[in-house]
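Novice: Starting off with a structure, shown below.
The values are calculated or read from the model by the stated rules, or taken from the named source; none is laboratory data. Everything quoted here is computed from the prediction, not taken from an experiment. Note that we place each Cβ from the backbone using ideal geometry, even for glycine, and neighbour counts take in every protein chain shown.
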């Protein structure tokens with residue numbers, strides 16, 4: 001039996017030369033990738049400026065802001081890794097947040113041309129397409145002979161349940177095209193005489209990946225390290241691994257130097273800069289994968305649309321496994337069939353893939369096992385690693401995302417083998433066809449759920465805010481900007497992208513210090529003014545206002561340097577509805593009667609009033 005290329009092979013597939021048939025296959029995969037990407041994001045294409053992803057409009061607003069801020073920083077010579085435009089007066093360390101700096105810079109012209117919401121949608125759609133094409137390129141040009149096999153594997157990986165789930169506004173995690181490029185770059189280091197150029201290319205790829213999806217880069221590095229260790233220790237590959245080790249290590253050294261030089265400043269900010277923190281603002285216990293989720297179906301799939309979906313994920317953006325039982329059984333069948341017909345060298349690759357998938361599956365379960373929503377006291381391996389630096393900033397459930405590419409590779413290898421040596425008996429061929437259909441058809445994605453969101457007020461779009469806020473002054477919407485109330489950053493993104501100038505805002509949606517035990521938290525620690533406003537918006541009740549609470553709120557406004565407090569007619573609550581009338585009455589009790597300006601209620605806070613609580 002001819003040996004198919006593997007992840008560890010240098011030689012290209014036998015069918016690599018481009019032919020008319022091959023080009024048609026390439027075009028078919030491209031068309032399928034585009035159709036699926038537009039299908040998944042179709043709800044937003046109806047009107048990018050007025051629609052939001054229902055289950056994660058807060059992250060959508062954040063990424064729109066990051067695109068606007070990144071373009072503004074580029075064109076105005078400002079620091080793209082730290083800003084004082086949000087969370088005044090302390091600012092935000094964007095190097096320790098998901099800053100998508102490369103995307104913001106590359107797409108800055110488009111952001112200025114069509115606005116942050118439309119640019120966000122373009123990048124999200126292109127991420128899905130590029131992920132499919134990058135995996136198809138790696139598979140078809142380096143790993144399998146059959147273009148059909150490459151297409152099946154690539155399209156599954158790009159539109160796997162985890163990827164579709166993270167298409168709910170995560171521009172970082174949907175940038176899955178980075179993974180096959182990084183994988184190719186790592187294995188290219190083995191080639192004699194190519195370690196210098198390969199190291200430079202991989203170093204640049206690492207820097208790009210860090211700026212777009214640092215957590216994804218970390219997971220990719222871990223997965224490749226596990227794969228390489230198992231592969232190199234296999235008896236059939238030890239001699240090859242020893243021979244390849246010197247150029248490989250030299251290439252990694254060059255990679256470290258190049259990536260280190262490009263990332264020196266953001267890495268310093270990340271680990272030693274102001275507003276840094278350790279851990280994450282999210283609870284790793286909650287964000288661990290339910291063991292039963294691996295055999296469950298995702299919500300945004302044909303199976304989910306048929307009522308077979310479950311609620312085993314911590315939220316709809318974190319369905320990181322959810323492969324369904326038929327696909328798990330198919331993956332096992334593929335592994336067994338490949339193993340039985342593989343030579344020892346090929347078995348080294350299969351063993352490495354199997355160990356990698358198993359290890360990351362177990363790690364994704366977190367510190368304590370959970371089955372079908374019920375948590376047990378069984379300590380798991382991740383509990384031994386959770387306290388380590390960098391590891392404690394990762395959400396364990398996302399480690400399951402490593403499993404999808406492994407399954408995609410097994411599917412591609414199996415189709416490639418079936419194409420090269422079709423089963424002699426028709427029932428066997430039929431069984432394989434039925435198995436693939438039963439496993440993959442229920443996982444076909446359905447469009448993301450979207451809904452209308454309030455437009456940016458005319459007070460902002462017309463530039464009226466500049467009449468009430470000094471250049472670089474502080475404006476705050478009601479309630480204050482947080483992950484659950486992202487209006488302020490949406491307004492700021494509009495102003496930056498339309499070259500209106502800068503206004504700053506208190507609070508914001510970001511990760512910063514202030515959590516328990518020195519860990520990070522979402523947004524800043526609460527103060528009196530924003531606590532009262534949040535209470536009024538959520539409950540619809542005006543809190544008791546005393547002279548003491550008025551003085552505390554004025555002190556908060558002075559601390560932030562707020563010049564204007566703004567309440568639109570409709571406030572966007574990302575997780576729950578808000579009561580605008582209760583917000584207006586509470587602000588009036590604290591600050592006095594507002595003025596009606598354009599389509600907002602406005603409370604101006606003169607400097608004398610801001611200093612009232614603490615005279616200089």
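Novice: Quickly run through segment 386-413 and pick out the residues that are over 15 Å from residue 215 (Cβ atoms) and assigned to a helix (DSSP H, G or I).
Specialist: 403, 404, 405, 406, 407, 408, 409, 410, 411, 412, 413, listed by residue number.
Novice: Please verify whether residue 414 is closer than 30 Å to residue 144 by Cα, crowded, with 21+ Cβ neighbours inside 10 Å, modelled with pLDDT of 95 or more and out of contact with any helix residue (DSSP H, G or I) (no Cβ under 6 Å at 6 or more places or on another chain), treating the condition exactly as stated.
Specialist: no
Novice: Taking the residues in segment 14-37 that are at pLDDT below 95 and either touching a strand residue (DSSP E or B) at 6+ places or on another chain (Cβ under 6 Å) or more than 13 Å from residue 136 (Cα to Cα) (or both) as candidates, determine which candidate is surrounded by the most Cβ atoms within 10 Å (Cβ to Cβ).
Specialist: If we take residues in segment 14-37 being at pLDDT below 95 and either touching a strand residue (DSSP E or B) at 6+ places or on another chain (Cβ under 6 Å) or more than 13 Å from residue 136 (Cα to Cα) (or both), then 15 is surrounded by the most Cβ atoms within 10 Å (Cβ to Cβ).
Novice: Tell me, yes or no, whether segment 301-316 has at least one residue that is farther than 20 Å from residue 59 by Cβ, modelled with pLDDT under 90 and in a strand (DSSP E or B).
Specialist: Yes, the conditions are met somewhere in segment 301-316.
Novice: Now, a different point. Name the residue that is modelled with the highest pLDDT, counting only residues in segment 476-506 that are under 24 Å from residue 581 (Cβ atoms) and surrounded by fewer than 24 Cβ atoms within 10 Å (Cβ to Cβ).
Specialist: The selected residue is 505.
Novice: With respect to residue 233, is the statement that it is surrounded by 21 or more Cβ atoms within 10 Å (Cβ to Cβ) and not assigned by TED's automatic domain parsing to the domain that holds residue 514 true? Full working, then the answer.
Specialist: On the way: surrounded by 21 or more Cβ atoms within 10 Å (Cβ to Cβ): no; not assigned by TED's automatic domain parsing to the domain that holds residue 514: yes.
Taking the combined requirement at face value, the residue does not satisfy it.
Novice: Looking only at segment 224-249, count every residue that is under 12 Å from residue 186 (Cα atoms) and in contact (Cβ under 8 Å) with a residue 60 or more places away in the chain and tell me the total.
Specialist: The qualifying residues number 2.
Yes/no matrix, rows are residues, columns are (1) crowded, with 24+ Cβ neighbours inside 10 Å; (2) under 23 Å from the mean Cα position of the chain (by Cα):
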position	(1), (2)
115	no, yes
130	no, yes
141	no, no
157	yes, yes
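Novice: Taking the conditions exactly as written (in a helix (DSSP H, G or I), in the same structural domain as residue 406 (by TED's automatic domain parsing), more than 28 Å from residue 445 (Cα to Cα) and out of contact with any strand residue (DSSP E or B) (no Cβ under 6 Å at 6 or more places or on another chain)), does residue 348 satisfy them or not?
Specialist: So residue 348 passes the test.
Novice: Output the residues belonging to segment 97-122 that are in a helix (DSSP H, G or I), without any contact (Cβ under 8 Å) to a residue 60 or more places away in the chain and under 17 Å from residue 212 (Cα atoms).
Specialist: Once the filter is applied, which keeps residues that are in a helix (DSSP H, G or I), without any contact (Cβ under 8 Å) to a residue 60 or more places away in the chain and under 17 Å from residue 212 (Cα atoms), segment 97-122 yields 104, 105, 106, 108, 119, 122.
Novice: Do we find that residue 561 is more than 28 Å from residue 455 (Cβ to Cβ) and surrounded by fewer than 19 Cβ atoms within 10 Å (Cβ to Cβ) in this structure?
Specialist: Spelling it out, it is not the case that residue 561 is more than 28 Å from residue 455 (Cβ to Cβ) and surrounded by fewer than 19 Cβ atoms within 10 Å (Cβ to Cβ).
Novice: Among the numbered criteria (1) out of contact with any helix residue (DSSP H, G or I) (no Cβ under 6 Å at 6 or more places or on another chain); (2) free of Cβ contacts under 8 Å to residues at least 40 places away in the same chain; (3) surrounded by 24 or more Cβ atoms within 10 Å (Cβ to Cβ), which single criterion is violated by residue 467?
Specialist: Unmet for residue 467, out of (1) out of contact with any helix residue (DSSP H, G or I) (no Cβ under 6 Å at 6 or more places or on another chain); (2) free of Cβ contacts under 8 Å to residues at least 40 places away in the same chain; (3) surrounded by 24 or more Cβ atoms within 10 Å (Cβ to Cβ): (3).
Novice: Can you pull out the residues in segment 71-93 that are at negative phi and touching a residue at least 40 places away in the same chain (Cβ under 8 Å)?
Specialist: Initial filter on segment 71-93 (at negative phi): 71-76, 78-86, 88-90, 92-93.
Hits for segment 71-93 are 71, 72, 81, 82, 84, 85, 86, 88, 89, 90, 92, 93.
Novice: Of 178, 222, 262, which residue is farther than 19 Å from residue 394 by Cα and at pLDDT 95 or above? Let's see the steps before the verdict.
Specialist: Numbers: 178 fails: farther than 19 Å from residue 394 by Cα; 222 fails: farther than 19 Å from residue 394 by Cα.
Result of the check over 178, 222, 262: 262.
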